[in-house]
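Note sheet for the following structure.
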Amino acid sequence: MAFLAYSLGKREINQYFSIKNAKLLSVAAVILLTLFHTVSRYYGGGDTCEWLLSSGRYLGETVWQPYGCMMHKYKNTEAKTCLADKRVAFVGDSRIRQLFYSYIQIIDAAQSADGRKVGLVPLSDCLLFLNNSLKERLISWRKVKRSTFIQQTWGVFIRAHIATCYWSIKLHGGSSEALQQYRANLTAISLPLEQLAEDGEVYWVLQDPVHEEGLSDNRKMITNEQLELYNKVVLSTLNSNKKNSKARVRFLGALRQAAMEAIAQSADGLHLPESTRNVAAMVLMNAVCNKVLRPTDGSCCQSLPAPSLLQKLMACVFLGSALVFLVLHSRPTPPDVESGEEKKPATAASPLNHKAPFQALSKMGLIMVYFYLCDRANVFMKEQKFYTHSTFFIPLIYMFVLGIFYSENSKETKLLNREQTDEWKGWMQLVILIYHISGASVFIPVYMHVRVLVAAYLFQTGYGHFSFFWLKGDFGLYRVCQVLFRLNFLVVVLCLVMDRPYQFYYFVPLVTFWFVVIYATMAMWPQIRQKKANGSGMWHVGILGKLLGLLLFICFFAYSQGLFENIFSVWPISKLFELNGSIHEWWFRWKLDRFAIIHGMLFAFVYLVLQKCQGLSEEKGEPLFSTRISNILLLISVVSFMTYSIWASSCKNKTECNELHPYISGLQILAFILIRNIPGYSRSLYSSFFAWFGKISLELFICQYHIWLAADTKGILVLIPGNPSLNIIISTFIFVCVAHEISVITNDLAQVAIPKDGGALLRRLLVAGVFTLGLLLVSRSAEGIQGGGH
């Protein structure tokens, strides 16, 4: 009965929830969310600088998340670069002095709290009252052009010097007359402040709360109610000139929110804990420097960059394709001459009609608009990642429960059959996605296990392509171009649309490189395939010789970093493998999993030979080996898994563990294959849930960069603000639908772009080569002009 209910439940779900319906829902969701965010920004204010300064929340105990944007954690070299040509003045009492020292410690962490200056950033005298001397100081500062002034009214009573209301409240007992005098003094300096803001940047730090129970007796008159009154005076008095939008004093209110959660930890009830001051200092640094240095993970206070020439060209290509499709679509379908009926649409197996490529490109163009809106336009919000064990392991448990729920009988019971490899790729990809969005790379045990999953992908690349060339012996150009097109189409489009280098999407260059290596290894003389090897055992020795040569080739480059860098730094090869002007990232990725491919090829060779010799039992329900051997191998595999997990948990740093990873990852992959395939019942089942994701695993991996994550994977895309759980559900739903549609588009275009006719294929390759060379030359010229300008 339970099994019947289980089967009926799955059937009911599949009946009403198809991928077509899901895509329609995702399109509707994208349109509604885009309208919502556009209207919200237009009417509710879309200035990310205001978001940064005004509100936020804590992620954990010390990580501050501004509302709707990402805050970069500045290093000392970055801060010095940003402030090199600026003058910074902090004006206030002892609390502003504490903020000042937190600020300069970003520049110089060794700076002590009793120092007077650091580098080019002098500390202004601490002014406690609002009076004529402060007004004169502000006027004199205005003469210094392009200055940055961080000013604070430490408290609501900014007495005559932009100082603090605390002293006003303390000296006057919180009287209403003192508040009115504060308003008058603030009005007197408001014009000089706003004039100063025309040439520089003026930030007014609103009063943060005190811990009333922790205040000493001589400070008991300072209450949070009094402080709020002074804050209201500041907000109503400054920026009264609405006509001049440039002359605006910005208010730092985020510190108040941060202080509300931390003021109870204050030693005296008045001064903030160091962690809270550090948050305020980093907020100010982001407000000043993000627009100058434009860090990828600092989306607050950044304006939109102008589209590049290539981005404009891509927009024209997609728009042109859409126009051509509309013209062709408007023409009536010619009737069949013999039957008098209209021609039926082509099936997936039949050749595409002349409208299909333009339709596919039109869809791709619309999808790229969504990519651009998510990660290049200020439409949707972005937030920082923050790792906790629950954000990684709870979704992981849900995922595997769903995978088990969709277990089905496999059509074949061979080792690593197609359904099983799709399942393998699917669950690995889902684990990697959860790993990325949860920021789990900071937890070394998880990081090391995910490194094995990446190696397993490359293992499958070696296994799959070796098996094809060994069994089929097809080394034709058509097969090679099909594989390269399917691997690279999406990435090439994204490189042009999102203005990112090819190496940025590191996994595709890695898989592409190793596919070319496998092809070269198998295609070079003598070409050996299984049919030829069956006639003589010497051909088996020959293929082992090829694998040994490949191993020596890998080892040679692994221990010759200088030669490796010299080869891949040569133009135009460097354009494929450089990231930020260096190939260090390519070297790191290549070296980390350098043996995974050859492990996959060697495993495929041994398995296919054993299969041919009938050394394996692959019938349904039967173990792969004899009972005794199967039990021994299963025990060794389980022990291997446990040993690796214990070792990964003991890792102290990533660098040391990464050094051992290439040598031991293959053992874990082999252990998994044996555990998954030795028992006959295990080999007879597979998860259709995981297999479905496995078929679009490449698209999932690439699309996550811009429409699930954000800021080029540094943050998280926020479609539903204020509700992280619902946001993840909605953004994931859209993300998966987009990835599936891109997979369909890629397959459709591959049929058109890669013809089976050899002559037509060569002509298209020639055109593609000339076009690519032209793009590289244009890019190189643009870089030269830019470099000359600097």
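The values are calculated or read from the model by the stated rules, or taken from the named source; none is laboratory data. Note that the structure is predicted; figures quoted are calculated from it, not measured. Here the Cβ positions follow ideal geometry from the backbone for every residue, glycine too, while neighbour counts run over all protein chains shown. Note: areas computed on protein heavy atoms with side chains; ligands, DNA, RNA excluded. Shrake-Rupley method; radii C 1.70, N 1.55, O 1.52, S 1.80 Å.
Numbers below:
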read-out	value
Number of positions in segment 461-500 that are assigned to a helix (DSSP H, G or I) and free of Cβ contacts under 8 Å to residues at least 40 places away in the same chain	8
Candidates 515, 489 - the one that is open to solvent by 10 Å² or more (accessible area, probe 1.4 Å), at pLDDT 95 or above and out of contact with any strand residue (DSSP E or B) (no Cβ under 8 Å at 6 or more places or on another chain)	489
Filter pass, residue 74 being aromatic (Phe, Trp, Tyr) and either at positive phi or assigned to a loop (DSSP other than H, G, I, E, B) (or both)	yes
Hits in segment 196-224 - residues which are assigned to a helix (DSSP H, G or I) and either of a type in the set (D, E, K, R) or touching a helix residue (DSSP H, G or I) at 6+ places or on another chain (Cβ under 6 Å) (or both)	196, 198, 199, 212, 213, 217, 219
Qualifying residue in segment 757-764 (condition: surrounded by 16 or more Cβ atoms within 10 Å (Cβ to Cβ), in contact with a strand residue (DSSP E or B) (Cβ under 7 Å, 6 or more places away or on another chain) and touching a residue at least 24 places away in the same chain (Cβ under 8 Å))	no
Out of 592, 610, sole residue that is closer than 30 Å to residue 502 by Cα and modelled with pLDDT of 90 or more	592
Failed condition for residue 227, given (1) under 25 Å from residue 132 (Cβ atoms); (2) assigned to a helix (DSSP H, G or I); (3) aliphatic (A, V, I, L, M)	(1)
Test: residue 269 is touching a residue at least 60 places away in the same chain (Cβ under 8 Å) and either within 30 Å of residue 61 (Cβ to Cβ) or not assigned by the TED database to the domain that holds residue 98 (or both)	no
Residue satisfying all of: in segment 248-277; surrounded by fewer than 19 Cβ atoms within 10 Å (Cβ to Cβ) and of a type in the set (D, E, K, R); modelled with the lowest pLDDT among these	248
Residue match in segment 178-185 (condition: basic (Lys, Arg) and either open to solvent by 60 Å² or more (accessible area, probe 1.4 Å) or farther than 30 Å from residue 63 by Cβ (or both))	yes
Whichever residue in segment 288-321 is touching a Leu at 6+ places or on another chain (Cβ under 8 Å) and of a type in the set (A, V, I, L, M) and, among such residues, is surrounded by the most Cβ atoms within 10 Å (Cβ to Cβ)	288
Of all residues making up segment 561-573, the number that are modelled with pLDDT of 90 or more and either under 28 Å from the mean Cα position of the chain (by Cα) or crowded, with 16+ Cβ neighbours inside 10 Å (or both)	4
Helices (runs of 4 or more DSSP H) enclosed by segment 1-56 - at least 3 residues per element that are at pLDDT 90 or above	19-44, 48-54
Unique residue being within 11 Å of residue 237 (Cβ to Cβ) and either modelled with pLDDT under 75 or of a type in the set (Lys, Arg) (or both) when the list is 159, 183	183
The one condition in (1) open to solvent by less than 90 Å² (accessible area, probe 1.4 Å); (2) assigned to a helix (DSSP H, G or I); (3) at pLDDT below 85; (4) not aliphatic (A, V, I, L, M) that residue 105 fails to fulfil	(3)
Candidates 275, 299, filtered to the one that is closer than 19 Å to residue 74 by Cα and not in a loop (DSSP other than H, G, I, E, B)	275
Positions within segment 618-640 being touching a residue at least 12 places away in the same chain (Cβ under 8 Å) and open to solvent by less than 70 Å² (accessible area, probe 1.4 Å), in sequence order	618, 621, 623, 624, 625, 630, 633, 634, 637, 638, 640
Some residue of segment 538-560 being closer than 27 Å to residue 775 by Cα, open to solvent by less than 50 Å² (accessible area, probe 1.4 Å) and touching a helix residue (DSSP H, G or I) at 6+ places or on another chain (Cβ under 8 Å)	no
So residue 87, is it more than 29 Å from the chain's Cα centre (by Cα), basic (Lys, Arg) and open to solvent by 50 Å² or more (accessible area, probe 1.4 Å)	yes
The lone exception for residue 339 - which of (1) surrounded by 18 or more Cβ atoms within 10 Å (Cβ to Cβ); (2) modelled with pLDDT under 90 it fails	(1)
Subset of segment 644-669 [of a type in the set (Gly, Ala, Ser) and surrounded by fewer than 17 Cβ atoms within 10 Å (Cβ to Cβ)]	645, 649, 650
Residue within segment 527-538 that is modelled with pLDDT under 95, β-branched (Val, Ile, Thr), assigned by the TED database to the domain that holds residue 365 and more than 16 Å from residue 576 (Cα to Cα) present	yes
Meets criteria (surrounded by fewer than 19 Cβ atoms within 10 Å (Cβ to Cβ) and either in contact with a Pro (Cβ under 8 Å, 6 or more places away or on another chain) or under 18 Å from residue 722 (Cβ atoms) (or both)) for residue 45	yes
Yes/no for residue 495 being on the phi < 0 side of the Ramachandran plot and crowded, with 17+ Cβ neighbours inside 10 Å	yes
